[in-house]
Each structure stands twice: as structure tokens, then as C-alpha cells.
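One structure below.
Please treat every number below as a calculation from the coordinates, not as lab data. Because the structure is a prediction, the values reported are computed rather than measured. Heads up, the Cβs are rebuilt from the backbone with ideal geometry, glycines too, and the neighbour counts pull from every protein chain shown.
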Amino acid sequence: MKRLPVVSGDKLIKLLTKLGYTILRQKGSHVRLGKETDLGEHNITVPRKPEMARGTLNDILSKVSLWNNISKEELIKKLKK
């Protein structure tokens, strides 16, 4: 697996909106996004921090990968652009 890049919460939110997620709400520094997929409705919370923790980023990318049938490596590649 490729090494995770250092990204901000805003950059991850931008990627998720390109994948079809919409912003549902925001409470403090956390943004809730949602999308209807083949598996059902998927909601995910992203912290809006200048530098996201790698463990948090890894968990979010793993879940998005499963729900959208996109490889994690492809998501990492899109984040690095």
C-alpha cells in the first residue's frame, strides 16, 4: 500500500464531493457528508483540521473505498493531485 499523504480536512472534503458526497451538516470543526450508494446510504464525518491524523485519514479512506467500490490506492492517488 502507498504511504498516506499529509492532507487537510478541506482537501479530503473536496475529494469526497467530487465522488458524489454532499455536505449534510457541520458542528464545530466536523463536517458530516453523505451519499447514496449501491450498498445503501453512507455517511461519514470529516474533521476540518489543517493536518489530518494519518490514522483518521486511513479509516475514512478505508470506509469510502468499501462503500464506493474504489481501491484505496486510487483514492490516495486522487488526494495527491
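Quick notes on this one:
- Take every pair of alpha-carbon atoms less than 8 Å apart whose residues are at least six positions apart; their mean separation over the length of the chain yields a relative contact order of 34 percent.
- For 42, 30, the sequence from fewest to most other C-beta atoms within 10 Å is 30, 42.
- Once backbone amide H atoms are built at 1.01 Å from N, residue 30 has 48 as its partners under 5 Å, excluding neighbours fewer than 5 places away on the same chain.
- Whole-percent P(r), the chain, all Cα pairs, 10 Å bins from 0: 18, 57, 24, 1.
- Rounded to the nearest 20, the Cβ-based charge dipole of the chain about its Cα centre (Lys and Arg +1, Asp and Glu -1) stands at 400 debye.
- Among 63, 72, the order by Cβ neighbours within 10 angstrom, fewest to most, reads 63, 72.
- Kyte-Doolittle at least -1.0, axis length at least 15 Å by Cα - qualifying DSSP helices, the chain: 54-68
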